[in-house]
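Just below is one structure, and these are the notes that go with it.
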Amino acid sequence: MQTPGRFVRFDLMTTAPAEARAFYAGLFGWTFEQAAGDFAPTMHADGAPVGWLMPMEPGHPSHWIGYVSVADTDAACARVVEAGGQVCVPPMDLPIGRFAVVEDATGAVTSPLAGGASEAPACLAWVQLLTRDAEAAAPLYAAVYGWDAAALEGAAHVFAVEGEPFASIMQKPGGPEEERDAWLPYFKVASVAERTAAARALGGRVFVPPTPLPGMGRFAVLADPTGATFALWEDA
């Protein structure tokens, strides 16, 4: 059983499922399979599940939502309220476990999940919250998920569980008020430059072009044709 507090899956909530499916199949070679009783097809990377491809009603922006492993979803929701967040979808049982959808003080959402996946998707390299107010957002995650936060000069926080860093918060520059704060999954690729070019050809947008992080690797930030934002990561 995985240590509580880790991201264990990411669902894609999209306004155009067929368009999104074609994009991620073309970009990553992902496959899609819908099991009996599931709400939507599961995205698979190299045969391992990533999350569901869920349709969104028109008028809501496409986005990724991360599920975080917890021992008790109901208790996690109680801690969310105590920490100043909101429970958007109350705890309920699904084939993947008992889940809820919760919101931090800045409006970014995550999903606490008990009894679900035991490992993070192998394609997931890192997770980052882009927010207008990092200081306001950070406390909820320590209170609800037990994340240890280390402040970084010029950024905000890196989060760790049992001493292992896996996520961060970054203060984002100004932008449209309607642009929601959101968690950004980083997907592993062999070549960020190659996959960025492929994303453009498939109708995606490039917000941050391939950028090196000396001694660490290379990343880019993109959006699929339906508007859901994600990042690519290439190890050094």
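Just a few scattered comments:
- Yes/no for Ala83 being under 18 Å from the mean Cα position of the chain (by Cα) and closer than 22 Å to Met170 by Cα: no
- Some residue of segment 59-66 being of a type in the set (A, V, I, L, M), surrounded by 15 or more Cβ atoms within 10 Å (Cβ to Cβ) and closer than 30 Å to Tyr24 by Cα: yes
- Subset of segment 115-127 [more than 10 Å from Ile96 (Cβ to Cβ), among the hydrophobic types (A, V, I, L, M, F, W, C) and modelled with pLDDT under 95]: Ala120, Ala122
- Top-ranked residue of segment 106-122 - restricted to ones that are polar (S, T, N, Q) and part of a strand (DSSP E or B), ranked as nearest to the chain's Cα centre (by Cα): Thr110
- Taken together, the residues in segment 58-80 that are over 20 Å from the mean Cα position of the chain (by Cα) and over 24 Å from Leu140 (Cα atoms) amount to 2.
- Thr131 vs. criteria β-branched (Val, Ile, Thr), buried (at least 20 other Cβ atoms within 10 Å of the Cβ) and more than 29 Å from Pro41 (Cβ to Cβ): yes
- Only one of the numbered conditions (1) among the aliphatic types (A, V, I, L, M); (2) over 30 Å from Ala142 (Cβ atoms); (3) surrounded by fewer than 21 Cβ atoms within 10 Å (Cβ to Cβ) is not met by Ala48, and that is (2).
- For segment 192-226, filtering for residues that are polar (S, T, N, Q), within 12 Å of Leu27 (Cβ to Cβ) and either touching an Asp or Glu at 6+ places or on another chain (Cβ under 8 Å) or touching a residue at least 60 places away in the same chain (Cβ under 8 Å) (or both) leaves 0.
- Filtered residues of segment 134-145 (kept if surrounded by fewer than 18 Cβ atoms within 10 Å (Cβ to Cβ), touching a residue at least 24 places away in the same chain (Cβ under 8 Å) and not hydrophobic (A, V, I, L, M, F, W, C)): Pro139
- Filter result for Ala231 (at pLDDT 95 or above, among the aliphatic types (A, V, I, L, M) and over 25 Å from Met56 (Cβ atoms)): no
- Counted as qualifying within segment 18-98 are the strands (runs of 3 or more DSSP E) with 1 or more residues that are aliphatic (A, V, I, L, M), namely 42-45, 48-55, 63-69, 86-94.
- In this entry, Gly116 passes the filter for residues that are crowded, with 18+ Cβ neighbours inside 10 Å and either under 18 Å from Phe7 (Cα atoms) or touching a residue at least 40 places away in the same chain (Cβ under 8 Å) (or both).
The values are calculated or read from the model by the stated rules, or taken from the named source; none is laboratory data. The shown structure was predicted, so the numbers you read here are calculated from the model rather than taken from an experiment. Don't worry about glycine lacking a Cβ; one is built from the backbone with ideal geometry, like all the others, and counts go over all protein chains shown.
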